[in-house]
Amino acid sequence: MNGARDPAENPAVGNREPRARRFPVVLDGQPALVTGANSGIGKAVALGLAACGADVVVNYVVNSAAAEEVAHDIEAGGRRAIALKADVSREDEVRSMFASAVDHFGTLHIAVNNAGLQRDAPLHEMTLEQWNKVIGVNLTGQFLCAREAVREFRRRGVVDNVSAAAGKLVFMSSVHQEIPWAGHVNYASSKGGVMQLMRSIAQEVAPFGIRANGVAPGAVRTPINRAAWDTAEAYDRLMTLVPYGRIGEPEDIAQAVSWLVSDAADYVTGATLFVDGGMSLYPGFATGG
């Protein structure tokens, strides 16, 4: 299987558990906005940034109760939070969300473009609505949010005692920015677009002290890919595609994002950090998130 490991050949594969990790408090005074933050990866990122010292805007489009719960958890940890509803594919709602966020926190230093979805179908059955919905949220939504964030970052500029950069953008991509995915042409196309969107923005805004990077998760334990991990049989099949021998957890992605937006990564821009346990090393077989 192109080098992919069989769990039967290595008893460690599939049995590893992620260790508990701490988030260093390095983001004091840096409000952050995370889209799609009421569940899954977005929720973990919002909580991780808060653990690092950031106040957080918790964006959502459905399930306000879940978003409010994330905000309350952040506040319970001693940081400020606000839940704001906005469909990231709608320009008016994105503009209103960023205006409310800046009004509430005074500014934003970090924007994590995480909101995304799937509408899967074989190519010959895929509707234009399915195509447009995925491109609208996964790609256009990241453009709209990045544009509003950059406008605020440029308006404020660098605050030396807060951050070395004027602002930090993170674009949530996928291993499928590199790996084709039959039956998911809308999703894979959106993530390939996210990669070039991020790289082009990074090149454009670097002279203003703004950094832009991507995070490309592989298989992560979230509702969007539940079928790939929620039974023992499915999990064992998945582990043949993950050299590191365990599924990713949302906190793995949160750790990566927290590092990318910290001053520890101040010379990193235009890069995609693959957080996939090596799944992208086997591009002929990977089916990630």
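Results for (1) in contact (Cβ under 8 Å) with a residue 24 or more places away in the chain; (2) outside any helix (DSSP H, G or I), shown as yes or no for each residue.
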position	(1), (2)
99	no, no
102	yes, no
107	yes, yes
112	yes, yes
115	yes, yes
129	no, no
138	yes, no
142	yes, no
154	yes, no
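Scanning region 178-226 for residues that are in a strand (DSSP E or B) and closer than 28 Å to residue 247 by Cα yields 212, 213, 214, 215, 216, 217, 220. Residue 183 meets the conditions (1) closer than 29 Å to residue 124 by Cα; (2) in contact (Cβ under 8 Å) with a residue 60 or more places away in the chain; (3) touching a Ser or Thr at 6+ places or on another chain (Cβ under 7 Å) in every case but one. The failed one is (3). Of all residues in region 261-283, none that is at pLDDT below 95 and of a type in the set (S, T, N, Q) has its Cβ atom under 8 Å from the Cβ atom of a residue that is surrounded by fewer than 21 Cβ atoms within 10 Å (Cβ to Cβ) and not in a loop (DSSP other than H, G, I, E, B), 6 or more apart or on another chain.
Being crowded, with 23+ Cβ neighbours inside 10 Å, over 18 Å from the mean Cα position of the chain (by Cα) and within 26 Å of residue 23 (Cβ to Cβ) is a condition met by at least one residue of region 101-121.
Going by the conditions given, is residue 208 surrounded by 17 or more Cβ atoms within 10 Å (Cβ to Cβ) and of a type in the set (Phe, Trp, Tyr)? Against the criterion (surrounded by 17 or more Cβ atoms within 10 Å (Cβ to Cβ) and of a type in the set (Phe, Trp, Tyr)), residue 208 does not qualify. Quick check: anything in region 163-176 of a type in the set (Gly, Ala, Ser), within 15 Å of the chain's Cα centre (by Cα) and over 21 Å from residue 268 (Cβ atoms)? No, region 163-176 contains no residue that is of a type in the set (Gly, Ala, Ser), within 15 Å of the chain's Cα centre (by Cα) and over 21 Å from residue 268 (Cβ atoms). Determine, yes or no, whether residue 70 is closer than 28 Å to residue 255 by Cβ, assigned to a helix (DSSP H, G or I), of a type in the set (A, V, I, L, M, F, W, C) and touching a Leu at 6+ places or on another chain (Cβ under 6 Å). No; evaluated as a whole, the condition is false for this residue.
Do we find that residue 162 is touching a residue at least 24 places away in the same chain (Cβ under 8 Å), out of contact with any His (no Cβ under 6 Å at 6 or more places or on another chain), under 22 Å from residue 45 (Cα atoms) and outside any loop (DSSP other than H, G, I, E, B) in this structure?
no
Restricting region 230-250 to residues that are surrounded by fewer than 19 Cβ atoms within 10 Å (Cβ to Cβ) and touching a Lys or Arg at 6+ places or on another chain (Cβ under 8 Å), the residue that is nearest to residue 19 (Cα to Cα) is 249.
Restricting region 227-244 to residues that are in a helix (DSSP H, G or I) and under 22 Å from the mean Cα position of the chain (by Cα) leaves a set whose member that is farthest from residue 36 (Cα to Cα) is 238.
The values are calculated or read from the model by the stated rules, or taken from the named source; none is laboratory data. Note that the structure is a prediction, hence the values are computed from the model and not measured. When we count neighbours, we look across all protein chains shown, and the Cβ atoms used for this are built from the backbone with ideal geometry, even at glycine.
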